[in-house]
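Accompanying notes for the structure given below.
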Amino acid sequence: MNAIEFVGARITDLGNGLQVRRLLPTRQRRMVGAWCFLDHAGPLEAGAGGMHVGAHPHTGLQTFTWLIEGEVLHRDSLGSEQLIRPGQVNLMTAGRGIVHTEDSLPGTGRLHLAQLWIALPASVADCAPAFDHYPDLPCWDESGCSFTLLAGDYCGRSAPARLYSPLLGMDICSGAGAPIDIALRRDFEYAILPLSGSVTIDGQTCATDKLAYLGQGRSTVALHPSADCRMLLLGGEPFATPVLMWWNFVGRDKAGIAAAQHAWESGDARFGRVNGDAGRRLVAPRLPWSGI
């Protein structure tokens, strides 16, 4: 059995006083399967200004939003306009290029969500962009816990999210703190993130906003959650080829990333306009590579 690797969160400011805890990527752990990015926001008070993330591009990935509290309005350059509510998933496939904004609604008091990215395999990395909304997800109660299957398959159940890599995403809530056994696939690598409370795994306690990376080779894991614990279980086949991430882009090489950034900065048609963006457009940080 692999030893558990614990990854601590780092704080990132989204503006308007909204801070998130970033678990992926880090120097210690870049990916879990095709999951290549994980932010945990909240639970927090949105504040008078709310959450307003200006127009920004993506390539080579899918954005995956799991909303627990609050309401967030998604708009993108395909013309999509979708309000996401608690218990729902938004899945945006960037492919060769897409632009979107995210805004909390006026009067939204509290926000709690997980924002993840999924790296697209090379065979579909330049596919046409798309947007999907999933208001109905498989939910069930077992062993004193409530389960929501967010992505992939688990014990005969299938989530509706359109994926391009073998993945698992599951939300687990334990009110009373009863121990539970979770079936795993030996060919998947897994990680667990407590969103509230804590969970003990292999005699080691993992608290809120610390990612427990379990590695591969397990067929099951015994979890001992605290009362009122909520956690994410993420899993997937280890990604076949390394990916390069810079700002909001996922690619295979520096030249491809640089081309995407130059297209964004020059207003190229590769990246369209978001209706209602009010002129809010994020500025890309300077590329760290010279001569491209």
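The values are calculated or read from the model by the stated rules, or taken from the named source; none is laboratory data. Bear in mind the structure is a predicted one, so any value in this text is a computation, not a measurement. Neighbour counts are summed over all protein chains in view; Cβ atoms, including those assigned to glycine, are modelled from backbone coordinates with ideal geometry.
Give the residues of segment 273-282 that are surrounded by fewer than 17 Cβ atoms within 10 Å (Cβ to Cβ) and either over 17 Å from residue 73 (Cα atoms) or aliphatic (A, V, I, L, M) (or both), sorted by residue number. Within segment 273-282, 278, 282 qualify. The one condition from (1) out of contact with any Lys or Arg (no Cβ under 8 Å at 6 or more places or on another chain); (2) in a strand (DSSP E or B); (3) crowded, with 16+ Cβ neighbours inside 10 Å; (4) modelled with pLDDT of 95 or more that residue 149 does not meet is (1). Are any of the residues in segment 174-188 within 16 Å of residue 36 (Cβ to Cβ) and assigned to a loop (DSSP other than H, G, I, E, B)? Within segment 174-188 (the criterion being within 16 Å of residue 36 (Cβ to Cβ) and assigned to a loop (DSSP other than H, G, I, E, B)), the answer is yes, since at least one residue qualifies. For segment 236-272, a residue qualifies if it is crowded, with 16+ Cβ neighbours inside 10 Å, small (Gly, Ala, Ser) and within 23 Å of residue 35 (Cα to Cα), and the qualifying residues are 236, 251, 256, 258, 260. Take residue 128 and decide whether it is over 21 Å from residue 67 (Cα atoms) and either of a type outside the set (Asp, Glu) or within 15 Å of the chain's Cα centre (by Cα) (or both). So residue 128 fits the description; yes. Please work out if residue 221 is closer than 23 Å to residue 20 by Cβ, of a type in the set (A, V, I, L, M, F, W, C) and either in contact (Cβ under 8 Å) with a residue 24 or more places away in the chain or crowded, with 22+ Cβ neighbours inside 10 Å (or both). So residue 221 fails the test.
Take segment 253-292 and flag every residue that is aliphatic (A, V, I, L, M), assigned to a loop (DSSP other than H, G, I, E, B) and farther than 18 Å from residue 128 by Cα. Don't jump to the end; show me each part of the working.
The initial filter retains those residues of segment 253-292 that are aliphatic (A, V, I, L, M), namely 255, 257-260, 263, 269, 274, 278, 282-284, 287, 292.
In the following step, the residues that additionally are assigned to a loop (DSSP other than H, G, I, E, B) were identified as 269, 274, 278, 282-284, 287, 292.
Within segment 253-292, 278, 282, 283, 284, 287, 292 meet the criteria.
Counting just the residues of segment 189-217 that are touching a strand residue (DSSP E or B) at 6+ places or on another chain (Cβ under 6 Å) and assigned to a loop (DSSP other than H, G, I, E, B), which one comes out surrounded by the fewest Cβ atoms within 10 Å (Cβ to Cβ)? Filtering segment 189-217 for residues that are touching a strand residue (DSSP E or B) at 6+ places or on another chain (Cβ under 6 Å) and assigned to a loop (DSSP other than H, G, I, E, B), the one surrounded by the fewest Cβ atoms within 10 Å (Cβ to Cβ) comes out as 216.
Could you identify the single residue in 79, 95, 144 that is of a type outside the set (A, V, I, L, M), within 27 Å of residue 25 (Cβ to Cβ) and either in contact (Cβ under 8 Å) with a residue 12 or more places away in the chain or buried (at least 21 other Cβ atoms within 10 Å of the Cβ) (or both)?
Values: 79 fails: within 27 Å of residue 25 (Cβ to Cβ); 144 fails: within 27 Å of residue 25 (Cβ to Cβ).
The match here is 95.
Scanning segment 231-252 for residues that are over 16 Å from residue 58 (Cβ atoms), in a loop (DSSP other than H, G, I, E, B) and at pLDDT 95 or above yields a total of 2.
Take residues that are over 25 Å from residue 238 (Cα atoms), of a type in the set (S, T, N, Q) and in contact with a Gly (Cβ under 9 Å, 6 or more places away or on another chain) and tell me which of the strands (runs of 3 or more DSSP E) falling wholly in segment 1-119 contain 2 or more. Lay out the reasoning, then the answer.
On the way: elements: 5-8, 10-15, 18-24, 35-45, 52-58, 61-69, 72-76, 81-84, 89-93, 98-104, 110-119.
By residue number, 98-104.
Note on segment 60-90: residues that are acidic (Asp, Glu) and more than 25 Å from residue 250 (Cα to Cα) total 2.
Just to verify a result, which residue in segment 155-169, among those that are surrounded by fewer than 22 Cβ atoms within 10 Å (Cβ to Cβ) and in a strand (DSSP E or B), is farthest from the chain's Cα centre (by Cα)? Checked segment 155-169; the qualifying residue farthest from the chain's Cα centre (by Cα) is 157.
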